[in-house]
Amino acid sequence: MVLMPVLSLFAPTSFANETTNNQNPELKLHSELVLKALQLDFYNIRCRGTSVAKNFNKVNRLYITKYSITANNFIKDFINPDVRAEKEAQEIDFKKNLNRMGGCAKAKDQDWIKEIHDQFNELYQQAEQSAWYPEEM
């Protein structure tokens with residue numbers, strides 16, 4: 001599929017990749033979900049002009065309901081202790097990759113948003129069904 005090499009441009013980098021590669025599969029799933037939500041929200045802010053972090057808020061509601069932990073606290077405890085720095089790094093990586101892709105119009109033309117949204121929905125469904133419970137590291 002043509003999109004897979006393009007989508008690899010949008011794989012989260014920074015501190016998160018270093019830690020998620022060494023995690024158990026359930027923790028990796030939950031970490032990827034948080035980061036995928038951020039990517040979708042960055043796309044919506046940059047390319048659609050929305051200012052609401054809809055997907056991150058959806059993950060936040062799931063984590064609060066299911067685990068009694070906010071998505072920001074999940075980032076702090078399992079991805080990067082500096083939540084603000086992690087979000088900023090994710091946003092910078094996203095913008096660089098979007099620029100490499102050719103901008104919002106080309107990303108839309110290549111159905112990137114549909115693909116990334118499908119990935120988010122799949123991760124979200126898996127997290128909803130997961131029996132995993134976060135334990136402090």
(request) Give the residue, chosen from 54, 76, 66, that is closer than 26 Å to residue 101 by Cβ and in contact with a helix residue (DSSP H, G or I) (Cβ under 9 Å, 6 or more places away or on another chain). (result) 54
(message) So if I check each of 14, 51, which one is of a type in the set (S, T, N, Q), modelled with pLDDT under 95 and more than 23 Å from residue 127 (Cβ to Cβ)?
(response) 51
(message) Test of understanding: among 63, 124, which residue is touching a residue at least 40 places away in the same chain (Cβ under 8 Å), within 19 Å of residue 28 (Cα to Cα), assigned to a helix (DSSP H, G or I) and of a type in the set (Ser, Thr, Tyr)?
(response) 124
(request) Among the candidates 58, 87, 95, single out the residue that is more than 13 Å from the chain's Cα centre (by Cα), charged (D, E, K, R) and on the phi < 0 side of the Ramachandran plot. (result) 95
(request) Answer yes or no: is there a residue in the stretch 101-120 that is buried (at least 16 other Cβ atoms within 10 Å of the Cβ), at pLDDT 95 or above, over 18 Å from residue 132 (Cα atoms) and of a type in the set (Asp, Glu). (result) no
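Any chance you could count how many residues in the stretch 67-84 are in contact (Cβ under 8 Å) with a residue 12 or more places away in the chain and either assigned to a helix (DSSP H, G or I) or over 11 Å from residue 35 (Cβ atoms) (or both)?
First, the residues of the stretch 67-84 that are in contact (Cβ under 8 Å) with a residue 12 or more places away in the chain: 67, 69, 71-72, 74-75, 77-80.
With either assigned to a helix (DSSP H, G or I) or over 11 Å from residue 35 (Cβ atoms) (or both) added as a condition, the list becomes 67, 69, 71-72, 74-75, 77-79.
Number of matching residues: 9.
Out of all the residues in the stretch 103-111, is one or more of a type in the set (A, V, I, L, M, F, W, C), assigned to a helix (DSSP H, G or I) and touching a residue at least 24 places away in the same chain (Cβ under 8 Å)? Quick ask: steps written out before the conclusion?
So in the stretch 103-111, the residues of a type in the set (A, V, I, L, M, F, W, C) come out as 104-105, 107.
With assigned to a helix (DSSP H, G or I) added as a condition, the list becomes 104-105, 107.
Next cut, touching a residue at least 24 places away in the same chain (Cβ under 8 Å) only: 104, 107.
Scanning the stretch 103-111 turns up at least one residue that is of a type in the set (A, V, I, L, M, F, W, C), assigned to a helix (DSSP H, G or I) and touching a residue at least 24 places away in the same chain (Cβ under 8 Å).
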(request) Kindly list the number of the only condition in (1) modelled with pLDDT under 50; (2) surrounded by fewer than 16 Cβ atoms within 10 Å (Cβ to Cβ); (3) farther than 24 Å from residue 81 by Cβ that fails for residue 6. (result) (2)
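The values are calculated or read from the model by the stated rules, or taken from the named source; none is laboratory data. This is a predicted model, so every value here is computed, not measured. With ideal geometry, Cβ positions are generated from the backbone for all residues, glycine too; neighbour counts draw on all protein chains shown.
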